[in-house]
Amino acid sequence: MLEIASIDIASLLPFILIGFAAQLVDGALGMAFGVICNTLLVAVMGVPPATASARIHVVEVFTTAVSGISHLLHRNIEWSLFWKLLIPGVTGGVLGAYVLTSLHADIVKPFVLAYLVAIGVWLLIRGLLYPPKIQKPTVIAPLGLVGGFLDAAGGGGWGPVVTSNLLVQGAEPRKVVGTVNSVEFFLTLAVSATFIWNLGFADVAGATLGLLIGGVLAAPLGAIMAKRFSVKLMLTLVGVVLTATSAFGLYRALFA
């Protein structure tokens, strides 16, 4: 059994910093925790991809819980949007977790990433050149279903798919980020339930514990940032993050 006294804080520090930075971006912009963590763990820290993905999903259960509570306290959640996303999102996540274990998600991944690059560029153009217009989104449930499905199947996709498309439809950015982050807790919990049930405390050591500490510390700050950013700034930042992360993922999917 793992003893707290035996934990080497110095070895955890890089993972704490990765978790903190990734959750700060995710909490403020509604996406990129998984992408940032996975990229840094695999490419920089040398963690095997499968191990990185498993650890990230466990950590997200806790970070999305804290983030959701923080967004609730700062009134960043639109409840009508929350309920419209919740059931389709969880349904898509469960389907993705069970169905895509026998399918090749890598075939679809480049097309999804190319689509997200285009969405990111469009959001960036809107943020920089056009006055943002706030209006009610009309396509919600299908986004939740597809976003949940892709998140479970490929280890990420909920934030980039759902947040970006709701913003394209003109929804208020801080409400989108707060709502999407809050629904993500239930999605992550549903997808990860079996894995967490079989996970001993000793396995939540090392990188996972570091990511968890950093992510939980940053979650309240992300909610504050989302509340204070202007609509124009949030559209621009989401466009930059989505374009950069999706383009990098597309490059790795095609040429790695």
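The values are calculated or read from the model by the stated rules, or taken from the named source; none is laboratory data. Because the structure is predicted, anything quoted here is derived from the model rather than measured. Neighbour counts are summed over all protein chains in view; Cβ atoms, including those assigned to glycine, are modelled from backbone coordinates with ideal geometry. In case anyone asks, the SASA skips ligands and DNA or RNA and just uses the protein heavy atoms, side chains included. Shrake-Rupley method; radii C 1.70, N 1.55, O 1.52, S 1.80 Å.
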(request) Would you tally the residues in segment 221-256 being in contact (Cβ under 8 Å) with a residue 40 or more places away in the chain and either open to solvent by 40 Å² or more (accessible area, probe 1.4 Å) or not hydrophobic (A, V, I, L, M, F, W, C) (or both)? (result) 22
(request) Could you give me the residue pairs with C-beta distances under 7 Å whose first residue belongs to segment 169-187 and is under 14 Å from SER67 (Cβ atoms), whose second residue is of a type in the set (Lys, Arg) and part of a helix (DSSP H, G or I) wherever it lies, and which are 6+ apart or on separate chains? (result) ARG174/LYS227
(message) Of the conditions (1) more than 22 Å from SER192 (Cα to Cα); (2) buried (at least 18 other Cβ atoms within 10 Å of the Cβ); (3) at pLDDT below 85, MET45 satisfies every one except a single condition; which number is it?
(response) (2)
(request) Would you confirm whether any residue within segment 173-181 is open to solvent by 70 Å² or more (accessible area, probe 1.4 Å), part of a helix (DSSP H, G or I) and at pLDDT 80 or above? (result) no
(request) Please indicate, with yes or no, whether at least one residue in segment 127-142 is at pLDDT below 85 and among the charged types (D, E, K, R). (result) yes
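Here is a yes/no grid of residues against (1) outside any helix (DSSP H, G or I); (2) at pLDDT below 80; (3) among the aromatic types (Phe, Trp, Tyr); (4) within 16 Å of the chain's Cα centre (by Cα):
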site: LEU40; (1), (2), (3), (4): no, yes, no, yes
site: LYS84; (1), (2), (3), (4): no, no, no, no
site: PHE111; (1), (2), (3), (4): no, yes, yes, no
site: GLY120; (1), (2), (3), (4): no, no, no, yes
site: GLY144; (1), (2), (3), (4): no, no, no, yes
